[in-house]
Amino acid sequence: MSFCKTTNEGGEEEEEEEEEEDADADDLTRAAAKMSRNRRPLVNGELIRGYTNGDDAVYVSDQFIGANDGVGAWSTRPGGHAGLWSRLVLHFWAVEIEQDANRVRPPGQKYEPNPVDCLQKAYQATIEATSKPNKWQGTTTAAGAQLHFQHVDDDPNAPATPLLYVTNLGDSQVLVLRPRHSKLVYKTLPQWHWFDCPLQLGTNSPDTPRENAVLDKIEIEENDVVLAMSDGVIDNLWDHEIIQSVVSSIRKWEEGQGGESSGDRCGGAGGGMKFVAEELMKAAKIIATDPFAESPFMEHAVEEGLAMEGGKLDDISVVAALCKRNKG
């Protein structure tokens, strides 16, 4: 099993994303101490994985997707750089998961993903990377989904079925949707210290992956859609609106809309996840920029006794992945 995947960050075109990376490159380099020849930032001699969108960071691979949301208040502090923290935590997390999955094990020892332990190591690596030669402060939420498999009754000869390991700390979110039934299969729940103050990893925060991250194992099916999103989406769209957007986008994609396909369009394959992410981001952006809209963030604020209306202006980042069975 693997993901067909793509990202969309804040509605920017690819050229703008490249400019944003270059603009952040010097800051990232001061923590990493090096630049590659094509001006991509490095840390520990390796290109930093993922993409930055404001203070958000996203990452996609065949087996792992993630969305981290750096806490923007650090921009007002000397040495504060939430975007660097979110990107580095996600980078090290992806590296740890990949290395753990590829590690040589004794004969008969089965690989069991441990994304929380990998996130703990990523958190510690980020502390070290941002402490020298200069100290960069920041905090970030973390949400990721690692695709693995299981055999019925642990019989290695039985067919493999997909099993999703979902890790969450804070208020970014992972959702699993079954588009053919317009059904929400699973979603992470936000973790807050208090309203609009999520659990977070980083400077002066008491939260750690080992103590606070939540891990869920979700049985999913081929053609399920997995979303990893910053709260710029879920603060502006309710669950039913997210489901409606995804299902509608897949239907349009199957009808030939949304750009050129790299193959079969069925279920959103062949590049359709890019269209799904774009449409979901656009829907969230419409509410975020409407001062009179009704939104989940407004509803939560009113429940806390705060006078607030409209959407929430924020970085909006989406990773959309489609679960497909590997051929061969």
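See the values below:
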| item | result |
| --- | --- |
| Loop chymotrypsin sites (Phe, Trp or Tyr not before Pro), the stretch 90-145, which have at most 13 other Cβ atoms in a 10 Å radius of their Cβ (DSSP) | 111 |
| Size of electric dipole in the chain: Cβ of Lys, Arg +1 and of Asp, Glu -1, about Cα centre, debye, nearest 20 | 1160 debye |
| ³J(HN,Hα) computed for each position of the stretch 139-152 - Karplus, 6.51 cos²θ - 1.76 cosθ + 1.60, integer Hz, glycine/proline x | 9, 8, 7, 8, 9, x, 9, 10, 8, 9, 8, 9, 9, 4 |
| Within the stretch 80-161, trypsin sites (Lys or Arg not before Pro) in DSSP loop having at most 15 other beta-carbon neighbours inside 10 Å | 103, 110, 135 |
| Exposure proxy ranking, count of Cβ atoms within 10 Å, fewest first, for 262, 317, 61 | 262, 61, 317 |
| Cβ-based net charge around residue 239, under 12 Å, with every Lys or Arg adding one and every Asp or Glu removing one | +1 |
| Nonlocal amide H pairs with residue 317, under 5 Å, H built at 1.01 Å | 10, 230, 232, 233 |
| Calculated FRET value between residue 313 and residue 252, using beta carbons and R₀ = 25 Å, to 0.05 | 0.35 |
| Computed over the chain: relative contact order in percent, which uses C-alpha pairs under 8 Å that are six or more apart | 21 percent |
| Positive dipole terminus of the stretch 2-324, leading residue within 42, 308, 261 (C-beta point charges) | 42 |
| The chain: calculated mean residue ellipticity at 222 nm from DSSP helix runs of at least 4, using -39500 (n - 2.57) | -10000 deg cm²/dmol |
| Fluctuation leader among 150, 200, 120 - the chain, Gaussian network, Cα springs under 10 angstrom | 150 |
| Cleavage-rule hits, chymotrypsin sites (Phe, Trp or Tyr not before Pro), the stretch 164-232, DSSP coil, Cβ neighbours within 10 Å at most 14 | 195 |
| Farthest positive-ward along the stretch 231-328 dipole, Cα basis, beta-carbon charges - from 319, 234, 250 | 250 |
| Net lengthening on full extension, residue 62/residue 286 (0.36 nm per residue, minus Cα-Cα) | 77.6 nm |
| Residue order, fewest to most surrounding Cβ atoms within 10 angstrom, among 237, 215 | 215, 237 |
| Descending principal axes extents, the stretch 99-151, alpha-carbon based, whole Å | 46, 23, 12 |
| Two-site label geometry, residue 216 and residue 180: point separation in nm, points 7 Å out along Cα→Cβ | 2.3 nm |
| For the stretch 92-101, 3J(HN,Hα) per residue [Karplus equation, 6.51 cos²θ - 1.76 cosθ + 1.60, θ = phi - 60°, Hz, x = Gly/Pro] | 5, 5, 4, 5, 5, 5, 5, 5, 5, 5 |
| Taking all pairs of distinct alpha-carbon atoms in the chain, Kirkwood radius in angstrom | 20.2 Å |
| Alpha-carbon centroid distance for the pair the stretch 263-328 / the stretch 191-219, whole angstrom | 22 Å |
| Dipole of the stretch 104-243, positive end: most advanced residue of 111, 131, 188 [Cβ charges, Cα centre] | 131 |
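Throughout, read-outs are computed from the coordinates displayed, never taken from laboratory work. Everything numeric in this text was worked out from a predicted model, so none of it was measured. All Cβ positions, glycine included, derive from the backbone under ideal geometry; neighbour counts span all protein chains shown.
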